[in-house]
Every structure is written in C-alpha cells, then in structure tokens.
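Q: Please see the structure below; I have some questions.
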Amino acid sequence: MITRLIPILLLLLAITWPASADAHDFDPERQLLVQVFSEHVDIMIMYTEAPGVRSDLFSAKFGVGAPAGNAEAKEFFDNLAGRAFLPRMLDGLEFEVEGEAPRTGEPELRLDEQEGRLMAAAFVRYELDELDDDERRTFIVRTQDRSFIPTRTVVYAGDELQLIDHDSGQPRLAPDDFQLTRNAEHRFSFTR
Amino acid sequence: MVYDVTARIRSLPWIPVVLLAAAMMTAFAVTLSACQDVEEESFARAYQATHRTQLIGGPGALGEIGDWVIENDEIRVVIQDISFNRGTGLFGGSLIDADVVRQDGEGDPFGGNGRDSFGEAFPAFFLEVIDPEEIVIVDAADLDNPDIDDDSAVLEVRGRGGEFVTMLRFFNQAMVNAYDVDVGGLLSDPELPDSDGEPLVQFTARYILEPGASHIRLETEMANQHDELLEFPHPDIVSLAPVLGVSLGDLVVPTGSALGFGAMNDLFVPGIGYDIRFGLEDLYATSDLELPAIPGQVTDVLATSSTDGVSYGFASAPDPDNNFVSTLSDHYGDVDPHDMLFLFEAAGYGGAFTHGLPEELEPEETFTAVNYFVVGSGDVASIRDEVYRLHDQETTTVTGRVYDETTGEAAGRHANIFFYEKPGEHCHESFGAEMVNQTFTNRDGYFELQLPPGDYCFRSRDGGSTSGFSEFEVDDETVNLTVNAPSAARVEAMIVDQTGNPVPAKMTVVGEYEPRLNPETDLYDLEPRHYLYDLSVGERWRTSESVDFDPEDDSPRRFIENIEFSSADGRAAVDVEPGDYTVYFSRGSEYDLVSKSISVGPGQIANLNAQLTRQINPDGYLSADYHLHAAGSIDSGLDYNDRVISVAGEGVEVAVATDHNYISDYTPYILRNNLQPFLRSIIGLELTTMEAGHFNAFPLRQDIASPNRGSVAWQNIPPQEIFDNLREMGSVSPEDTIIQVNHPRDSILGYFNQHYVDALTGVADLPVNTAGSGLVDQAFAAALSPNGPAFVETIEEDGETEYLSAFSYDFDAIEIYNGKRMHLLHHFRMPPHDELSQEALDHFAEEGIDELPAEGVILCDDDEVAFPGGLDDWYNFLNYRSPDGEYRRYTATGNSDSHHYGSPSDTEPGFPRNYFYAGHNDPHRLTPQALSEALQNHHNIVTNGPFINMSVDGQPVGSTVSADGDTVTLDLEVQVADWIVGDGSLEYTIVANGERLDADDVGSTIELDDGQWSDSITIDLDDLPDVHHAEGGERDTWFVLEVEGDNNLFPVVQPAAIPPVPFDEALGAIAEPFGFGDTVEGLVPDETTDVYPLAFTNPIWVVDGDDRDEFEPPEPPHRSCEDGAAHRTQLIHDHGDHVHFGEQRLDAQNIPLGHDHHSLIKRDQGELRDVRAIFDHWHLH
C-alpha cells in the first residue's frame, strides 16, 4: 500500500502566511537532508529566503534573531514562527516510505537571520517498524510542478543500513550534490 | 475522645466537695464507656451572626458580626463574610474559626465562649482561590444528594477565580481556565493584565454540617459557565510552557485546600509525625517523581494537637475517578482513593492536593470534589476517630492509663502516647515503624482512642524523654494498655540582680553529647536530630553550640536542653531530661552571664540561686525591639504573657507589638506580670501582604472592638495608599507614625524584591519596562511578574499604554538586620575559592568561565544582583536621590522578628535590638512621640550585643554636621558585656559613602578596658578614594560605624541552625517538577550560621563646604552587572599588591547561576554527520 505523506507540519499552522504571489520575485534556496535508519527516518529541510520585504516583515513580527530569554524559549518561538513559514519551506515536496506507515511526532523548527536573509531549519523524525535483515526500505521524494524550488538533496543511511541501487540492489555511495527536478519522483533504497 | 471533666466541674462552684468527688467518678465512668448514655437531640443550623454571643471566640478567633456561623450539637465554625480577609489570606468566604461546643467554657469578652485557635482554610484549584460574590444558606433537601442528611446545615460561597499570588495570575488562570486567557495576545503584544477578563468558571465552596457530626463536609465545585468546551490545562498554556521554562508533561491539574492550622496547633502527618520541616524536606530531596506526579507526603489525614482542648483535621472523601494520588498510583504506589498529597507548611500555612480536574468540562458541566474538615477535642486521636467513621474503617477501642515509671504515680493531663503501625517483627523506627496516631491523657492519666485491627507499638512521654517502643495487638475486642512514661527532672531557680531584687531573666540549661559517626561519610557530621532528639514525636529541637563543627572532631559538643524565663518575681522552673547540665543565667546584652553545674536524676529537682550584674548602661539610650510577634499572628501562637516575660528577660526595655494584620497591645500583660519597671510597650502592626512586602507601623491606635483590633485591608492596594492608611492610624499624628519596611530582600516577602528595586542603583522599575526587546523577554515579563494595582500603575494616553511601577519611597525606616538572617545583610559575594564546593567549580566550568571571579566580588545572575542584601540597598539610598529627585534618609533598624522564645527555628527577642536616644534611662517614662522623634532623627544604633556610638563635636548619630575645613573627627565609643566578647576580640570599620575605609588608614582594633573603649579618628575628606564621590562633585560624606566580633554568642543566642522555609521555596516544592528551583550549591548564601557580635550605627552626614549646610548626596559611580570579568570604574585607588575588598566599590560580575534553571530538553548526541546532530548545531551562537 502506498501511503502518501502529506506533510503533517502543515496542520500545525498558528499564523497564516501572506499569499506568496510575489514569491517569484525572490530566489530562495533549499536543502534537504534525509537519513534512513532501521527504525526511523530523519528529515531536515533548510531554507533561505532572499533579502527583502518578505524577510524583513517576518523577522520583525516574530523577533527572529533577537536575543531570547533561554534556549527553550527560543525553541518555542522558533517553532511558532516556523509553523507560519513551513508551507513555504515544504512547498512542492512530498515524502513517502514505500509500503510503510511512518508515525511522526512534533516537528522542530529554528529560525535565524543573517545579513538580511531569513533562514529556517525544520527537523522531523518518522518512526517506523524495525527493518528485517532481508527487507528493503525505499524512501521516495516527489516534487510537484507548481512552486518548484531548486533543492539540493542528500539522502543517506544511518546506523547499520546502507544505500543500495534501487534497480540492481547493489551498494552505492550517497550522491552529495543531488538536485531534485521539477515534477519528478526520486527513490532511495536501503537495506542491512 | 477525652472529656474535659474539669471544665464541667468548674462551672458549678456551689457543689460541695463530697458531691464533687462523686461527680468526677461518675464522669469518668461515662468517659470510659465511650458513648453517651443519654440521648441528646441533634441539630444543625447556619445563620449570619447578628450579635457577639453567637461568635466562637478564643485566642485565634477572627469572627465578627456579619460572618456566617454553622453549628450543631458537637462543633461550631465561622465562615468569613465577603470582605477583605481579616487573617493573612486574601478573600472572604474562608473558614476562619472553629471549636467544639463548650457548654461552660470561659467567656470571651469579644464574643463567644470558645477556644478557637485555628488560622484559616479555603479551597484551592491549583493556586487559584475563590473570590466570593455571594454567600447563601441552602436547604439540604434541595441538594438531592443521598450522601447528605436533609437536616444538615448548608452554606454556599459562590464566586469567581481569585489569585493567591498575582505573579502567577496568567499561568494559574490558564491552568484552571478561570478566565479567558489570551495566550496569543501575550505572544504577539505582551501587556500586563489589568483585569481578569471574562470569567469562564463559577466556583462554589459548600460547607455542610450534619446533626451530630464532628466534621464539615466541604464540597468544592467548578462549573463551566462558558458556551464552549474547557480543557484543563488550557492547550495554549501547554504550548507556552516552554517559554516560561516549564515542562508540563501529562499534567493533571490538582485541586485541594490551603490549610492555615496556625502556630498554636502542632501539625501531625502520619508517616512523618510532627517533624513536618524535615520530613517533607527529606521527601523533596529523595523524590524522583516526574510530572504529572508532584513530591509530597501521601496521607489519609492531616491532624493537629494542642493542650488547649481543641484540634483540627482534614481528610478527603473516597473518589476513585478523581482522587489525585489514586489516579496517579503508577507514580505514588499503593494508595487509597481517599488519600491526599500534603505539600508544604510555611508561615503557618499548609497545602494539600486532593483531587485532579478532569481533562475537560462541557458547557454547564460541573466538577465536584469532597473533603472533610474535622474538629476534635485536642489530640490527633479525636480527629482520627471521626475520619475512620467517614472512611468506613472498622476500628476497635484502645484504652489505658499512663504512669510515671519512677514513682508509679498516675500521670496527669496531657501526657502523650504515640502509636505506630508495627512493620514486621520489631517495633523500631529503623525497621520502618510508621507513626499513625497520638492521644493525650485526661487529668487522671487515662486515654482512649480507636484503631483499626492490626499490630502496633506505642511510645509515651510525660515531661521527660520519650519512652522506647512497646508492642500490642488490636483485634475485635477492647484493648487495655498500661503505659509507663519516663520521668522528667526539674530545674528551679531564683534570679536576682546586683541589688538583690528579683529580675526577669533567662535560664538556659545546657548539656553535652558525643557526636556520632555518619555511616555514609565516616565523619562526625550526622545531624543530632537523628539521635539526640526525635522531632517526629514532637520533642523540642536541641540546638548545638555551632553549625560549623569540624566533621573529623569527635569531641563532646554542647547543646541546649531547655530554656525558661523568670518574670518580675525572679522565679524560673523547667522540666529537663535527667542528666548533667550547666545552667546559664542571663539578662540580655547589658548583664553578665552566670553559670552553675548540676546533676539531676529522674524525678529530682535542682534548686539554684543566681545573681546577675549589670555591666553596661548606655546613658540616654533605651534598648528596643521594633518587630515582635505573639498570639495575634497566625504563625506565632505565643501567649502574650510569655511574650512580655521573654522580652523583659532578654533585657529589652521597649517592645513594639507587631502582629501580622492584627494590632496588639502588650501593656495589659506587662501590668499583669508586674513588669512595668522593666518594660514599656508600643502599639504597632505588621501589615502583611501576600507578595508585596511586609510593613511595620507604630505607634498606632488599637480598635478594641474590631476582630483584628483595627488592622486594615492590603489586598490590591498600592504601597503609597497602604502607607497613607497606616499613617492615618497613628496614635500621635500621621507625620509621627513610623513606617518600617521589613526584611526588604526576603524572597517573595521582601518589598524591594517584589518591586524589582535595582540592587545597584536603588531604582524600582517593572520587568516589562526593563525586559529585553525580544518577544520572549516581553512575554516573560508580562506573564510572570507581580501585577495588579498593588504593583502597576497603567497610563493610557493617545492610544499608547505605559506601565509605571507603583513602588513608593515614602517610608521612614528599613529593617536592615532581621533576626539571624545574616545572608540578607549584604549583596552576596564570591566566597573564598578554597571553600567552593565541587558543584560550584563544575558550574563555572560548564558556563565556560575559566578564571574564577575574585573573592568578594558581588555575584550577578544575568543583569541582576543574584542575592541582594538590605545593607547594600540602604547604602544606595544614602548615596543617591530617588527618581523623583528627593534625597531620602531612611533610618536603619535591626529587630528580632521573634515569633516564639527559646526556639531554635526562631530568634530570641532583642537579638538584634536597637538603641535609640531617649534622653533618659527609664523605659517607664518613654512616650510614643519620643520614640518616633528619635527614629525620624535617625538617632538609632543597631546591635546584637555591643553598644557602640559615634559623634562629631558632640553631635550624635543621625546628625548633619559641617567639616572643619576638609577634615572631620569621629569620636567612637564601645561598651560591651564580657560574655559577648568572651575570649575573642572586637574590630571596628568606618564606612564612608558605602565604602569601607582602609583599616591601615583609620584603624580597626578595639582594646577594651573593663568592657569600655573609646577613640577619635580624623579623616581628610579630600584624601578619600574617588570611589566615594561623583567625579568632580562635592566631597560630602556620610559615615557609619560598624563593629564585629568573633565570639560565638551561644548559649544566650542560639545559632541559626534551621534555615527558614520561605513561602516561595514552599511553592517551589510544587514548581520543582516543572523545572524550577535549581540552585548551585556553594554559590548561594548559607542561611545557617553561628551568631557573632555585630553592630552598626545610623549615619552622621558631613557637609564639606563652608558656604553650605545642606548635604549633597555623593552619587558615586554605579556598578553594573556585565559579562566576563569584574567591571571596575576608572577610580580604583592603587594599593599595590593588596586590594582591600572595600576599595572595590560594589564590583559585580555576571555569573549565570541558573536561578530560573529550566529543564533542558534532553537530546541524543549522535555523530556529527547525523541529521539530528546537524540540526542541533544549526546556527548555534
């Protein structure tokens, strides 16, 4: 059974983000890190907004980059602001673990500002059933045609798993400068 | 249940003696047959009191006409009407008086014939209380509850949520949804709450008394009156919690009751007995409970005992679905659905959580919790008996008689018997025997109580030591015990002065003990409370002579066995355990100290005579204590007679009565005890707010007709208005009324702390104004600081909101030195490096601080002084103008704040004390106006022993003088009794504009000649280091003389061996699982200390100018808390290698001390290339 994973992160919006009609005026940057383990998948998305009105307004509203009272406070506020920023970070991406139903907890979010650029990072862990020795786990990333953002992607194994070629089943090295293409599906398989 | 036969007989004085004996024998037979043979008609009623005879009365009674009385044939209680709380709580509607029905008790001229000694009780929903809006009598039949007799009396208190502590308003209201809390608004635009918004919940406290019952059934109810579902806690507060440094986990919002049993009653908790202080502390220290569980003692009952014939108890009704500990049995273990969690006791108040709120309430849905308030006849057993019935527990009668084990005679009234559940084979605490009950004997030594079937042990005490364990078994037949109590010994004395006249004095019986090896450390650091005495059975604490023993030294140590005072007749008598002692006789700090050795066996009496000689008598000065408590205070309970006798016995000549929210007058008791040649009293008050400070006011008028004798409201009233109201109560005039700020830096009880007075500038401002610009800081400040009109003045103008601190500078005196609280004197400074604990060293390493701060540097936490002290605050006020531009000269005072006498957890009256200039030496001649004038003119000297003085050209302390050219000559004087110096020495220090002058320049040595010393020191104001003045400013200088000694004042003044439990620390016990409460050992002030001589004067102000006579405040450069190394000004005087700390004016260094240490969310640290680790390190600064 193929289960599409609609990013649950979208459901945690606290504050809506203005319509992104002017998104095409910017050149955002996005990185995707995926690490697949025998019992879970870790996903991290890093997003950088171009300097300008959008960055400035968002930073001012949520105090991004301002000194926080403590680490936990900063974490909370980053979460709060990040939830408003998440749709943009995730725009056009879908994740799936083939044949499995991952269980997710709360995403973690961080925001920062450097040289006028709003930067965000999101981390989420999806729990999975333990992978048996003779089983294969395939992680799928899909991109959509709308709102495509070029995304540098790294997908690699954690603990005792290893990345294999999806077709041949042979071990392979994780590409370190893989770019997601528009309206495409990318598969990464792992085994023990 | 013990019948007070004596009281019954006393009321019928016309009965002949023969008939009297027969009546007594008959009465005892009735007693031992337990139940009454004659049927009495039971009833129950509730009404609003319209005349005083309907009130209860008694030493703790607060009831007034207009309050609500609920009574039946067994007990009576009073519920305060809607008004400002007359006790120390906040609102009306609370239970304030309670007693058993007394047919023939002594009448109280102020109403009733009872012996109420209860403080106050009210329900609490987490920390939210009821702010009552109406009180009504309800027909029990209308409740339609099969558990309630239709003939019951029912009173309902209905209202909205009220704040126990405003600084938790936001958090608290969100926990119980009392009001519509705008969490999002707080985050996006933090504002201080100026009102409570729309109430979402209706609170009801229902007091139900059935005919014949000895308990009140307390039903506390929450009703959702909102049109939407309410969740507990509010889901947004769960999200907000991390901002506040709190982790909520699966929190169940607890409810229960605040219980102020009052200091006249000894609180007993099964499992820890009477050792509440350390029983709970040990629990907190060893608890590994995590949320939703909270540390505390799980118990089925709380009960008090008192030899005054009334006791009080609290228990919960079985509620398997909502009982707090029962629903969390995974955390608490084997518990029953009627058990509760006892959390803390501090300042006369205790707290218990009984139920947990449901996760949600639908609109119009109601949650009800049922508890019981029990009134007994004086012992724990009378409470237990009723609770066993309420819990449907099967019991058997246990009866018996107590005998003196030496003489074989039957004991009299109030011998103690303690009962333990036998854990296994042996009856011994080391085998886990748990105390479960206590009873008193009647006047003939008999006792009776109920116990469930099982195996038990008992111990007994009748004035002497507590016996060992004896075993017995309870089945279904009455048990009869014969109890032998160890005999006491007795010391009796006659004390006279050098003229041969009897005097009030103090007798201190001192023994020795061999320290025991601590098996855990292999050192002699095992606390004597583990072997010298047993607090769990109510034995008194025996203070040792020092808190700083060498743990490797096994030499015998002295301890105080007991203390007693003689009154004007010079006679003192006290029971002690048989043994060898040294008995000391003293009379405060002006008389010598005399000792006698004795050896007393069981039943023996030692008779002694002692003569005390007055060694100093400062001419023109009277000694005074401006801060004393007695029975009018909920946390004292000390009989007024004992209070005045103890004050006179300590040689204090003027006593200001300052009970909490109660105006007392000692004069009648002074006269009654013939103490008028020795002691003069002044009427005063300690207006005690919950979280906005404590203020003494005197001299005042007393309103004899008022239940609290004229004390006034303080709730939600700003300080200036409080000060104005207090001045209006002055007995001389408003202008002559002294307002004294008490213990200004004492946690949540300190006025300066609660109003955020900057410890380096003396300026008060609100956290919302001083918080950082980030939303997090703003949210913190808005959500967690004290608020309401007592703290904040809100100004709306042109759509802009401005918040001003409501702090008022309009007071007259500051109590710099309070009791033995040495840690509250100075801003806390870096200890010597070789004294730092490993935990402290680790803390510096964790914070990345490579170089330890210099010894003596003031420690800051973030941008605030970590632990401010009142003396340094006072120096700030003396150096700078207030924000309004006025230069205010506050008079420094030092007071005992004594609540008892001879108690190791309290302070002896008169230590410290003040010497104020009266112009004569006769306390009897003193007028209130003269005292007021002396203080307004700052003619006041603070001391715990030596009398010191300072003058310039004959002008006394408190004067403003002109320099002679650029120089000033200080004439110094010391007088001291020899025992205060002992084999040690005294040294003096001159403080100029807050800086200590170098001893090399001005000297320090005091060479006494028969207890006297004097010297003169000339100081050139131009030679003073520049830290004393503003750059380029006038050289006006104020001077203070300080004297310190190195002799331990034991046994006259006991060490501070037991740190007090401040209220916020008690609340911290609740906050601990939320992540609050961590401190760094070694980097917090030590609250236990030996007491050494210390004295300081008020200033002499010196004007350095020929053409001026107005003193210009010197305004030396401020320090600030900054990161890294100590921040000095450019003005440090060069002393070569040695830089005396006094030269470093208030050097301050920011050392993160983790005051608001929050639980860090644990993270797994993986390899650096792990995505998890990459995220963790993303953009860390």
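Q: So in the stretch B:929-948, with the set limited to residues that are surrounded by fewer than 22 Cβ atoms within 10 Å (Cβ to Cβ) and not acidic (Asp, Glu), which one is nearest to the chain's Cα centre (by Cα)?
A: So the residue we want is B:Gln936.
Q: For residues in the stretch A:100-131 being within 15 Å of B:Asp1176 (Cβ to Cβ) and among the charged types (D, E, K, R), which is nearest to the other protein chains (Cβ to nearest Cβ)?
A: A:Asp112
Q: Looking only at residues that are buried (at least 16 other Cβ atoms within 10 Å of the Cβ) and over 14 Å from the mean Cα position of the chain (by Cα) in the stretch A:137-146, which one is farthest from the other protein chains (Cβ to nearest Cβ)?
A: The extreme case among them is A:Thr138.
Q: May I ask you to list pairs of residues, at least six apart or on different chains, whose Cβ atoms are under 7 Å apart, with the first in the stretch B:922-938 being of a type in the set (Gly, Ala, Ser) and the second being not in a helix (DSSP H, G or I)?
A: B:Ala930/B:Ala918; B:Ser932/B:Pro699; B:Ser932/B:Val732; B:Ser932/B:Ile738; B:Ala934/B:Phe916; B:Ala934/B:Tyr917; B:Ala934/B:Ala918; B:Ala934/B:Asn940
Q: So, in the stretch B:643-669, of the ones that are in a helix (DSSP H, G or I) and modelled with pLDDT of 95 or more, which residue ends up farthest from B:Leu612 (Cα to Cα)?
A: B:Arg643
Q: Output yes when any residue across the stretch B:309-325 is under 24 Å from B:Glu74 (Cα atoms) and among the charged types (D, E, K, R), and no when none is.
A: Scanning the stretch B:309-325, I find no residue that is under 24 Å from B:Glu74 (Cα atoms) and among the charged types (D, E, K, R), so the answer is no.
Q: Give the number of residues within the stretch A:29-51 that are more than 9 Å from chain B (Cβ to nearest Cβ), touching a helix residue (DSSP H, G or I) at 6+ places or on another chain (Cβ under 7 Å) and not charged (D, E, K, R).
A: 2
Q: Quick check on the stretch B:229-285: of everything there that is over 22 Å from B:Ser316 (Cβ atoms) and β-branched (Val, Ile, Thr), which residue is modelled with the lowest pLDDT?
A: Among those that are over 22 Å from B:Ser316 (Cβ atoms) and β-branched (Val, Ile, Thr), it is B:Val243.
Q: Against the definition (aromatic (Phe, Trp, Tyr) and out of contact with any strand residue (DSSP E or B) (no Cβ under 8 Å at 6 or more places or on another chain)), how does B:Phe367 come out, yes or no?
A: So B:Phe367 fails the test.
Q: Still on this structure, please answer the following. Scan (1) in a loop (DSSP other than H, G, I, E, B); (2) at pLDDT 85 or above; (3) hydroxyl-bearing (Ser, Thr, Tyr) for the single condition A:Thr138 breaks and write down its number.
A: Against the list (1) in a loop (DSSP other than H, G, I, E, B); (2) at pLDDT 85 or above; (3) hydroxyl-bearing (Ser, Thr, Tyr), A:Thr138 comes up short only on (1).
Q: Can B:Val374 be described as assigned to a strand (DSSP E or B) and aliphatic (A, V, I, L, M)?
A: Yes; evaluated as a whole, the condition is true for this residue.
Q: Continuing with the same structure: When residues of the stretch B:940-991 are filtered for being among the hydrophobic types (A, V, I, L, M, F, W, C) and either more than 20 Å from B:Ser1014 (Cβ to Cβ) or out of contact with any strand residue (DSSP E or B) (no Cβ under 9 Å at 6 or more places or on another chain) (or both), how many remain?
A: Of the residues in that region, 2 qualify.
Q: On to the next question. So B:Arg587 fits all but one of (1) at pLDDT 95 or above; (2) surrounded by fewer than 24 Cβ atoms within 10 Å (Cβ to Cβ); what number is the exception?
A: Here B:Arg587 meets the rest and fails (2).
Q: Of these, B:Leu836, B:Leu825, B:Leu775, B:Leu784, which one is away from chain A (no Cβ under 14 Å) and modelled with pLDDT under 85?
A: The conditions single out B:Leu836.
Q: Follow-up question, since we're still on this one. Check whether at least one residue in the stretch B:816-838 is touching a residue at least 60 places away in the same chain (Cβ under 8 Å), crowded, with 18+ Cβ neighbours inside 10 Å and at positive phi, and report yes or no.
A: yes
Q: Give the residue, chosen from B:Asp455, B:Asp476, that is in a loop (DSSP other than H, G, I, E, B) and either acidic (Asp, Glu) or closer than 17 Å to B:Arg384 by Cβ (or both).
A: B:Asp476
Q: If you don't mind, another one. Restricting attention to the stretch B:115-167, report how many residues are surrounded by 21 or more Cβ atoms within 10 Å (Cβ to Cβ) and assigned to a helix (DSSP H, G or I).
A: Number of matching residues: 1.
Q: When residues of the stretch B:563-573 are filtered for being surrounded by 19 or more Cβ atoms within 10 Å (Cβ to Cβ) and either without any contact (Cβ under 8 Å) to a residue 12 or more places away in the chain or in a strand (DSSP E or B) (or both), how many remain?
A: Number satisfying all stated conditions: 5.
Q: Follow-up question, since we're still on this one. If you check B:Tyr207 against the conditions, is it modelled with pLDDT under 80 and hydroxyl-bearing (Ser, Thr, Tyr)?
A: In short, no.
Q: Shifting gears a bit: Can you name every residue in the stretch B:200-230 that is charged (D, E, K, R) and either assigned to a strand (DSSP E or B) or under 10 Å from B:Pro363 (Cβ atoms) (or both)?
A: B:Arg206, B:Arg217, B:Glu219, B:Glu221, B:Asp227, B:Glu228
Q: Which of the following residues is on the phi > 0 side of the Ramachandran plot and surrounded by 21 or more Cβ atoms within 10 Å (Cβ to Cβ): B:Gly348, B:Gly333, B:Gly376, B:Gly356?
A: So the residue among B:Gly348, B:Gly333, B:Gly376, B:Gly356 that is on the phi > 0 side of the Ramachandran plot and surrounded by 21 or more Cβ atoms within 10 Å (Cβ to Cβ) is B:Gly348.
Q: Looking only at the stretch B:532-562, how many residues end up being assigned to a strand (DSSP E or B) and in contact with a Pro (Cβ under 9 Å, 6 or more places away or on another chain)?
A: Count: 5.
Q: Which of the residues belonging to the stretch B:861-899 are within 23 Å of B:Val741 (Cβ to Cβ) and part of a strand (DSSP E or B)?
A: Result: B:Glu864, B:Val865, B:Thr891, B:Ala892, B:Thr893, B:Gly894, B:Asn895, B:Ser898.
Q: Can you name the residue in the stretch A:78-99 that is touching a strand residue (DSSP E or B) at 6+ places or on another chain (Cβ under 8 Å) and within 14 Å of chain B (Cβ to nearest Cβ) and, of all such residues, is modelled with the highest pLDDT?
A: By that ranking, first place goes to A:Phe95.
Q: Could you tell me which of the residues B:Ala624, B:Ala657, B:Ala692, B:Ala713 is among the aliphatic types (A, V, I, L, M), in contact with a Phe, Trp or Tyr (Cβ under 8 Å, 6 or more places away or on another chain) and surrounded by fewer than 21 Cβ atoms within 10 Å (Cβ to Cβ)?
A: After ruling out the rest, the residue left standing is B:Ala713.
Q: Please go through the stretch B:998-1038 and give me each residue that is surrounded by fewer than 12 Cβ atoms within 10 Å (Cβ to Cβ) and assigned to a strand (DSSP E or B), ordered by number.
A: B:Thr1005, B:Asp1009, B:Ser1016, B:Thr1018
Q: How many of the residues in the stretch B:1087-1129 are in a loop (DSSP other than H, G, I, E, B) and either modelled with pLDDT under 80 or more than 25 Å from the chain's Cα centre (by Cα) (or both)?
A: Total meeting the criteria: 28.
The values are calculated or read from the model by the stated rules, or taken from the named source; none is laboratory data. Note that the structure is a prediction, hence the values are computed from the model and not measured. Reconstructed Cβ throughout: ideal geometry from the backbone, glycine too, with neighbour counts over all protein chains shown.
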